[in-house]
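Please treat every number below as a calculation from the coordinates, not as lab data. Just so you know, these numbers come straight off a predicted model, no measurement behind them. Positions of Cβ are backbone-derived with ideal geometry, glycine not excepted, and every protein chain shown enters the neighbour counts.
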């Protein structure tokens, strides 16, 4: 199932070094969307997502929380990098110090571009999307074979449980719990003997169309030439802050 591979690539990009090139993250996001939209059955929503990445043995490797917005194919993901489970304390501290702990990726297929923002830095860059990424961004040509499993009550609500297998990819299986009220998933679990697995749990789901302002870069953000410029820019800002901070008195000099 290509959605599992897309999710694993996405998670690898999320946990990778920003100093390399987070343009790979934007590429993985649009690939993820292509296979996710047919499963969720909606083109407008806002929600909080917890993504749990598993090894082939079923061991949890990491957990990534993010905010997910979609308005008729224009998507936004706010990646809460410092909230990742199992993140070393030093990495968490460094992210917050540099201001690289909150990354936003906005995909605009109709404009053939993506926008990457580091919101703590008030900085962003744009990247063009290749033709293959724009071929089917909403996943209209993706086909799944669905098999009903039954119903399950979770937190007082009935959910229809079904298994999905992408046509031509029988070794990867997805199980989805859909609300019988809204039809939107509560959670999605994917397993592959070759790739491992991913569990997605959705919280605070709002099926109204998000405001357009969610997908527009604030006017006070600085535009950088590309994603490789984020880390040098963050370091420069930190140097400026340190230079503007008053020097602390040496021990014993306070009050003199």
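At a Förster radius of 25 Å, what calculated FRET efficiency corresponds to the Cβ-Cβ distance of residue 147 and residue 214, to the nearest 0.05?
Working: r = 36 Å, r/R0 = 1.43.
The computed FRET efficiency comes out at 0.10.
Distance from the alpha carbon centroid of segment 63-103 to that of segment 191-223 works out to 11 angstrom.
Shown for 28, 112, 82: other C-beta atoms within 10 Å of each C-beta, ranked fewest to most, produce the order 112, 82, 28.
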